[in-house]
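Read-outs throughout are calculated quantities, based only on the coordinates presented, and are distinct from any laboratory measurement. Everything numeric here is computed off the predicted structure, so don't read it as measured data. Cβ placement follows ideal geometry from the backbone for every residue including glycine, while neighbour counts extend to all protein chains displayed.
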Amino acid sequence: MRLVVARCEVTYTGRLTAYLPEAIRLLVFKADGSVLVHADAGGYRPLNWMTPPTVIEDGEDMIVVRKRAGRTEDRLEIRISELLAEFEHELGDDAGLEKDGVERHLQEALAEMPERIEPGLRLVRREWPTDVGPVDLMCRDEDDGWVAVEIKRIGTIEAVEQLSRYLEVIQRDPALAACRGILAACDVKPQARTLCEARGLGWAEVDLAVLRGEREPELTLFDA
């Protein structure tokens with residue numbers, strides 16, 4: 001991994017055009033080809049990024065990151081006016097993120113009963129690989145459409161962002177371009193529900209005890 005702190009301006013061209021005026025930013029170049037441009041505000045989300053596979057051309061005062069995207073090319077041009085710090089280190093193999101017990105058991109139960117997420121859903125594969133990590137469940141719906149399911153104990157905005165990143169990569173494959181996403185969790189927070197709906201994603205709340213047959217599902221009563 002290479003970390004660069006520099007005063008720079010960034011121009012992205014490709015499916016759209018975006019420009020970041022000159023400012024001090026953190027540039028992250030990962031060994032897998034990922035490139036991220038961060039500011040010192042805005043939380044964990046980068047201002048701009050490029051997912052692998054990429055080609056990086058490193059000049060004296062310009063770094064160009066290129067990536068093929070169908071018939072077009074995505075291009076990130078980073079013009080450096082002042083280099084403030086640079087650090088490079090080999091991180092080694094990643095041991096992987098361990099799901100906690102509830103998430104792991106929830107994934108196992110929903111893999112056996114995906115119709116509890118959405119009627120007619122059927123499992124194709126668990127841990128479907130992508131360039132940015134494995135999707136928990138890859139399914140087909142009643143119309144034979146592809147559905148990527150991300151499973152969490154608590155459904156938060158961060159979980160929606162993670163599912164969005166998976167879909168961005170998955171939909172680059174023309175055969176999966178219409179793939180949609182569903183966030184499944186024991187508890188989906190209101191902010192996460194709103195973000196799901198804004199991005200055209202589905203969400204579902206599931207009860208692990210009910211899935212295991214340890215408790216009967218609760219009935220909702222409505223007044224006449």
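With N the number of residues in the range 2-88, Rg(Cα) / (2.2 N^0.38 Å) evaluates to 1.01.
Peptides 59-67, 151-159, 109-117 ordered by packing proxy, namely the average of other Cβ atoms within 10 Å per residue, highest first: 151-159, 109-117, 59-67. Distance from a point 7 Å along Cα→Cβ of residue 7 to each backbone N in the range 35-52: keep the residues under 19 Å and list them by number. Residues passing the 19 Å test: 38-41. Beta-bridge orientation, the chain: approximately 80 percent antiparallel, per DSSP, counting only bridges with both partners inside.
Given +1 at the Cβ of Lys and Arg, -1 at the Cβ of Asp and Glu and no other charges, the dipole of the range 2-88 around its Cα centre is 520 debye to the nearest 20.
The range 101-211 gives an Rg/Rh value of 0.93, both radii derived from C-alpha positions and Rh following Kirkwood.
Both the radius of gyration and Dmax for the chain are 20.6, 74 Å, in that order, over alpha-carbon atoms. In this simple spin-label model, placing a label point 7 Å from the Cα along the Cα-to-Cβ direction at both residue 158 and residue 115 gives a separation of 3.5 nm. Only Lys, Arg, Asp and Glu carry charge here, each on its Cβ (+1 for the first two, -1 for the last two); on that basis the range 154-209 has a dipole of about 180 debye about its Cα centre.
With a cut-off of 13 Å between beta carbons, the residues surrounding residue 21 carry a summed charge of +1, where Lys and Arg count +1 and Asp and Glu -1. Helices assigned as whole DSSP H runs in the chain whose Cα atoms extend at least 18 Å along their own long axis and whose mean Kyte-Doolittle hydropathy is -0.5 or higher are found at 157-170. Rounded to the nearest 20 debye, the dipole size of the chain about its Cα centre is 460 debye, using +1 on the Cβ of Lys and Arg and -1 on the Cβ of Asp and Glu.
When the chain is treated as a GNM with alpha-carbon contacts under 10 Å, the residue of 149, 160, 37 showing the greatest mean-square fluctuation is 37.
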